[in-house]
Amino acid sequence: MSAILVSLITLFMQGYESQPYEVVASFEAFEIRYYPSVKLVQTESNVGSNINFNRLFRYISGANKNNQKIAMTTPVHMQNDNTKQRMAFVLPASFNEKPPPPTSKDIQIVSSKAGYYAAIRYGGYSNVEKVNYYTQQLQQHLSNQQIETIGGPVVLGYNAPYKFFNRKNEIIIEVTYKQP
């Protein structure tokens with residue numbers, strides 16, 4: 001019995017490095033965070049394509065010019081517009097100075113924009129309906145607080161697909177924010 005319990009705990013626990021941020025303001029339904037710049041490996045494809053995750057996973061599995069394996073981190077950044085969908089993995093902090101160059105023309109190494117972002121959290125498996133609902137909720141909360149947005153929403157996913165319970169997802173939107 002205890003071996004099964006240990007196996008289940010190991011399966012559902014994740015020890016991934018996460019993108020750093022500082023909570024600068026907390027509201028009832030959302031937070032304002034300051035995110036410093038980090039290195040991301042990103043790719044994009046046409047909306048409806050399912051190739052982005054595999055491209056990025058190949059890169060961190062060693063399909064880079066250094067043939068170097070890179071640890072998985074959280075969150076996975078996902079963003080859609082009318083024609084393109086973008087996905088990015090946060091690289092571990094140890095790669096902020098010199099990440100391995102990609103071997104694929106479909107992969108880019110970019111620096112994220114440092115700044116203030118509003119964040120709202122939701123659970124379960126993410127889908128279009130949840131993304132739309134929580135994006136609208138966050139935008140309404142920001143409007144109520146008279147906080148101006150910059151750009152569109154980014155979905156952050158924190159869990160492996162096989163994690164069924166206590167899943168964590170967030171929507172973030174860059175905002176103009178002045179600390180009191």
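With an 8 Å cut-off on Cα pairs and a minimum separation of 6 or more residues, tell me the relative contact order of the stretch 14-66 in percent. Can you show the working numbers first?
Working: 30 pairs, mean separation 10.8, N = 53.
So the answer I get is 20 percent.
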*Using a Gaussian network for the chain with springs between C-alpha atoms less than 10 Å apart, which of these wobbles most: Gly151, Gly115, Gly123?*
Gly151
*Which pairs break 18 Å Cα to Cα here: Lys65/Lys105; Lys65/Lys98; Lys39/Lys113; Lys130/Lys168; Lys84/Lys163; Lys39/Lys98?*
Lys84/Lys163
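Give the range of the longest stretch in the chain that excludes all GluC sites (Glu not before Pro) found in loop regions by DSSP and having at most 13 other beta-carbon atoms within 10 Å. Display every interim value, and only then the final one.
On the way: sites that count: Glu28, Glu97, Glu148.
Result, exposed sites excluded: 29-96.
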_Please report the antiparallel percentage of DSSP beta bridges with both residues in the chain, rounded to the nearest 5._
95
_Prolate/oblate/rounded call for the stretch 79-180, Cα gyration tensor, a/c under 1.5 rounded_ = oblate
*Answer label, with P(r) over Cα pairs in 5 Å bins from 0, in percent calculated from the coordinates and candidates [x] 2, 9, 20, 24, 22, 14, 7, 1, 0; [y] 1, 7, 15, 19, 19, 17, 11, 6, 3, 1, 0; [z] 1, 8, 16, 22, 23, 18, 9, 2, 0, 0*: [y]
_Pairs of alpha carbons in the stretch 38-112 whose separation is greater than 21 Å (percent)_ = 19
*Amide H neighbours of Arg167 under 5 Å, counting only residues 5+ apart in sequence or on other chains, H built in-plane at 1.01 Å?*
Gly124
*Among Asn96, Ala119, Thr83, flag the residue with its Cα farthest along the positive direction of the charge dipole of the chain, charges on Cβ as +1 for Lys/Arg and -1 for Asp/Glu.*
Asn96
*State the extension gain, in nm to one decimal, for the chain segment bounded by Gln108 and Asn46, taking 0.36 nm per residue of separation less the distance between their alpha-carbons.*
20.7 nm
*Go ahead and run the numbers for FRET between Arg167 and Lys84, Cβ-Cβ distance against an R0 of 25 Å, rounding to 0.05.*
0.45
*What size of dipole, in debye to the nearest 20, comes out for the chain about its Cα centre when the only charges are +1 on Lys and Arg C-beta atoms and -1 on Asp and Glu C-beta atoms?*
580
_Rounded to whole Hz, the Karplus (6.51, -1.76, 1.60) HN-Hα couplings of the stretch 133-142, x for glycine and proline_ = 4, 6, 5, 5, 4, 5, 4, 5, 4, 5
*Amide H within-cut-off set for Phe27, under 5 Å, with H built and near neighbours excluded*: Ile32
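Taking only DSSP H segments of four or more residues, each worth -39500 (n - 2.57), what value at 222 nm results for the chain once the sum is divided by all its residues, to the nearest 500 deg cm²/dmol? Could the numbers behind the result be given before it?
Working: 3 runs with 37 residues, N = 180.
That calculation yields -6500 deg cm²/dmol at 222 nm.
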*Sticking with the crude label model, points 7 Å out along Cα→Cβ, report the distance from Asn66 to Ile150 in nm, one decimal please.*
3.0
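Each reported figure results from applying straightforward, stated rules to the coordinates on display, with no laboratory input. Computed from a prediction, not measured in an experiment: that's the story for all the values here. In this analysis, Cβ positions are derived from the backbone assuming ideal geometry, glycine residues included, and neighbour counts consider all displayed protein chains.
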